[in-house]
1. Please compute the Kirkwood hydrodynamic radius over region 149-226, one decimal place, Å, based on all pairs of different Cα atoms.
2. State the Cα centre-to-centre distance between region 68-124 and region 274-290 in whole Å.
3. Tilt of helix 295-308 relative to the longest C-alpha principal axis of the chain, in degrees (0 to 90, nearest 10)?
4. Between rounded, prolate and oblate, where does region 188-316 land on the alpha carbon gyration tensor, with a ≥ b ≥ c its root eigenvalues, rounded for a/c under 1.5, else prolate if a/b exceeds b/c?
5. Report, to two decimal places, the Cα Rg of the chain normalised by 2.2 N^0.38 Å (N = number of residues).
6. Determine the distance separating the Cα centre of region 340-357 from the Cα centre of region 133-166; give it in Å without decimals.
7. For the cross-link pairs K45/K221; K93/K355; K35/K199; K35/K58; K196/K355; K58/K355, which exceed 23 Å when the distance is taken from alpha carbon to alpha carbon?
8. Which whole-number percent gives the relative contact order of region 1-154, counting Cα pairs below 8 Å spaced six or more residues apart?
Amino acid sequence: MCGGILSVMKNNSSFDVIIIGLGAMGSATAYHLAKRGVRVLGLDKFSPPHTFGSAHGKTRVIREAYFEDPCYVPIVQRAYELWAELERESGAKLFEQTGGLMIGKPDSVVVTGAARSAQLHRLAYESLTAEEVEHRFPALRLSDGMVATYEPRAGVLFPERCVEAHLSLAIRHGASLRCDEPVISWNSDGGSVRVKTEKGEYRAARAVFTAGAWTTKLLAKLALPLHCERQIAFWFEPRQNPHQFASGNLPVFIMEYASGKSFYGIPDFGDGFKVARHHEGETIDPDRVNREVSRAEIDSIRSLLRVFLPDAEGFLRTASVCIYTNAPDSHFVVDLHPQHRQVVIASPCSGHGFKFSSAMGEILAAMTSDQPPLLDINLFGLKRFG
Ligand SMILES: Cc1cc2nc3c(=O)[nH]c(=O)nc-3n(C[C@H](O)[C@H](O)[C@H](O)COP(=O)(O)OP(=O)(O)OC[C@H]3O[C@@H](n4cnc5c(N)ncnc54)[C@H](O)[C@@H]3O)c2cc1C
C-alpha cells in the first residue's frame, strides 16, 4: 500500500521519529505526527492494509459503554471525534452507527460492565429483557435469564479504509513511509535510535513500536508477558429473513453465552453476517499462522448460531484468520521503554484496540513530543508486569 500511495523518502535518512509497524496504531501515529510537522519515517514488514496482522476483516466494532473498564470511555469518546475528522479530511466512509447490545446473564461481565461505564460517564443506554431484545431485533434468540445493555452510539468501523486513510493523509502531510521493509534490529545510544531493516539503516531522535503481534519479538529483552492468539471471523449468508441481519435492523452485539465466554456479531454490510468467538483461540507464533479454517472450527461456530441466531446459519461465504495480542489482564500496553525513554511502546491491544486507534495515534504523537498524555492511560503501563 505505501508503494501504491507513493511515499516519498526524504533526501537525508535522519528523522525526528521512526514508527515501526503501520497497522491500526502506527498508521494513526504517522498521521498525527506528520500533521504536526514532525519528520516521520514509517516502516512496515508488509504493505498495510494487509491480512497478516490484526487490522483486517472488513469491520470492527466501536462502542462507548465499555464493559472492560470505565477508563476507556474518554479515550473512545476522543476516538469518535477523530474518526469523524478523518472521514471529513479523507472523504472516505469510515464509520456506520448501528447501535450495540451487550448480552448475557444479569451478573455477566459484559452486561454489568457496560451499564457501569454508562452510569459513570452518563451515557445514553437502555437495559432490555430477553423479550424486548427479541422483539426489537428478531434475528436474536436469547437463552433463559439473559438480559442486555443497549447503547445507541455503537457501530462499525471499516478497518482497511481507516488504515488507508491515515496512511494516505500522513503522506500528504509529509511522512515518509516504507512498506515491505521489515525491521530486523534496533538500538539506542541515549541520544538517538538506530533502526536496521532488511534494506537499510535509519536514525531518529525517537521511535514508536506499534508492531502488534510482533512486539515481543522486536522487544525481546523486555520479555513482555504477551501471547498471540489465533482468531477466526466467519461471514454467513442467512438461510432465511436476511433483512433481519442487515445493517439498520441488527445492532453489533457481544454475547457472553457462558461465564467468561463470548462471541460477537456484526450486521451484514453486503458481505454476509459476520460472527466470531472472542478469544478461545490457540496460542500461536505470528510468523507461523495456520490460515486454513477446519471443518471442526466451522461446526463449532455453527453450533452457536443454531442456538442464538438460528436464521443466520446458512451458506458460509468466507472465513478469515486474524491475530489477537493479549496481555494477561486483557488491557493494552502503552508506555515508554523502561530503559530507553525515547522509545514508545504501544500496540498489544488484547483483541479490542482498533476502535481506539485514532485517539491512540494522537496520544502517541504527544508522548513522542514530551507532552503529558492527553488522556489517562495509567492502566496500560508496563509497571503492572513487575
Ligand atoms: C478477528 C479480530 C477482530 C477484532 N475485532 C475488533 C473490534 O471489533 N473492535 C476493536 O476495537 N478491535 C478489534 N480487534 C482488535 C484490533 O483490530 C487490534 O487491537 C488492532 O488492530 C491492533 O493494532 P496494532 O497496530 O497493534 O496491530 P496491527 O494493526 O496488526 O499492526 C501491526 C503492524 O506492525 C507491522 N510489523 C510487525 N513487525 C514488524 C517489523 N519487524 N518491521 C516492520 N513492521 C512490522 C505489521 O506488518 C503490522 O502492519 C480485532 C482483532 C481481530 C484479530
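Where a number appears in this text, it was derived from the coordinates with a stated rule and is not lab data. No experiment lies behind these values; they were computed from the predicted model shown. We place every Cβ from the backbone using ideal geometry, glycine too, and count neighbours over all the protein chains shown.
1. Kirkwood hydrodynamic radius for region 149-226: 15.5 Å.
2. 24 Å
3. 50 degrees
4. Verdict is prolate for region 188-316.
5. The reported ratio for this selection is 0.98.
6. When both Cα centres are located, 25 Å separates them.
7. K35/K199; K35/K58; K196/K355, as the Cα separations exceed 23 Å there.
8. Contact order relative to length: 21 percent.
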